[in-house]
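Comments concern the structure below.
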Amino acid sequence: MLISIIIPCYNEAGNIDALIDRVRSLQKDYNLEYILVENGSNKDNSKEYFKANIENKFPQIKVVYVEINQGYGYGLQQGMKAASGDYIGWIHADLQIPPKELIQFFDEISKHTNENEKLFLKGTRTNRRSYDTFFTHGQSVFNSILFGRIMYDVGAIPVIFSKSLLDEVSIDSMPNDFGIETVIYLEALRHHFKVLRFKVRVQNREKGDSSWDHGIKSKIKQSIRIFNDSIKIRKGGKVL
């Protein structure tokens, strides 16, 4: 049973070596492939670093290049197109959720040998700033009311799901931004996937800066955008 893990990398050159070391350490115990998406970085030498040090250098690690960044969700879409696993999922390159948290997901998947079983596994974040938790609760309530289904910590990672979920939703129809987390979670609920949640502990960044999270003002701005995206999703529109 092959598990494909997509890791979008946007201006994360400082974290790449540590990321590779930590994800490779999991390969000895599980059948994995990693798809690292160089998601159009424009503030560091990520593309050059990938070509010189990562591409074709490690077994079961693929590199996908996005020439111009079109959003977090767009990078995940390109990774999904390159994935060949029985299960497909993602984690972030910033190491705030340590790759070792994936172990509990992999161990759970190993308990399920029925290839037709529809599983959707998702993290639930702990050890967060109080205002992060506040905004997450607000989004959870909003989406639960909007879509008529219980949804919480919508943006949490890791996410791993049976590849059959991609038979229910077109990759190209998914949002190009963070709304992709809402869509994939919602489609899993709509198509009666078994949803399993696992607590994951958020850590501080070791290197680099977030592309969008610069404090409470940016959190408010991002939350408004996510709320607007959710309304578009509810109406059946494409979120760019």
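Can you tell me which aspartates and glutamates have their Cα less than 15 Å from the Cα of Lys235? Leave out same-chain residues fewer than eight positions away.
Leaving aside aspartates and glutamates fewer than 8 places away in the same chain, those within reach of Lys235 are Glu187.
Work out, step by step, the length gained on full extension between Gln60 and Thr124: first 0.36 nm times the residue separation, then minus their alpha carbon distance; give nm to one decimal.
Between Gln60 and Thr124, full extension yields 20.3 nm more.
Compute the Rg to Rh ratio over segment 108-240 from the alpha carbon atoms, using the Kirkwood formula for Rh, and round to two decimal places.
Taking Rh as the inverse mean 1/r over Cα pairs, Rg/Rh reads 0.97.
How large is the charge dipole for segment 128-193, taken about the Cα centre, if only the Cβ atoms of Lys, Arg (+1) and Asp, Glu (-1) carry charge, to the nearest 20 debye?
Using only the charged Cβ atoms, the result is roughly 260 debye.
Need one number: nm distance between label points at Ile231 and Glu108, each 7 Å from Cα along Cα→Cβ, rounded to one decimal.
The answer from the label model is 3.3 nm.
Send over a whole-number figure in Å² for the accessible area per residue of the chain, probe 1.4 Å.
Averaged over the residues of the chain, the accessible area is 48 Å².
Show the residues, 5+ positions off or on another chain, whose built amide H is closer than 5 Å to the amide H of Phe198.
Distant-sequence amide H within range of Phe198: Lys122, Gly123, Thr124.
Out of the total accessible area of the chain (probe 1.4 Å, heavy atoms of protein only), what percent is carbon and sulfur?
So the carbon and sulfur contribution to the accessible surface is 50 percent.
Using r as the Cβ-Cβ distance of Ser140 and Met1, and R0 as 35 Å, what FRET efficiency do you calculate, to the nearest 0.05?
E(calc), rounded to 0.05, equals 0.65.
Return the percentage of antiparallel bridges among DSSP beta bridges fully within the chain, rounded to the nearest 5 %.
Restricted to the chain, the bridges split so that about 20 percent are antiparallel.
Relative contact order of segment 1-73, please, whole-number percent, based on alpha carbon pairs below 8 angstrom and at least 6 residues apart.
Worked out over segment 1-73, it gives 37 percent.
Skipping prolines and chain starts, which residues have an amide H placed within reach, meaning under 5 Å, of the one on Val64, given they are 5 or more residues away or on another chain?
Leu36, Val37, Glu38
May I have the convex hull volume per residue, in Å³, for the Cα set of segment 44-91?
98
The values are calculated or read from the model by the stated rules, or taken from the named source; none is laboratory data. The shown structure was predicted, so the numbers you read here are calculated from the model rather than taken from an experiment. With ideal geometry, Cβ positions are generated from the backbone for all residues, glycine too; neighbour counts draw on all protein chains shown. Protein only, heavy atoms only, side chains kept; ligands, DNA and RNA dropped before computing areas. Shrake-Rupley method; radii C 1.70, N 1.55, O 1.52, S 1.80 Å.
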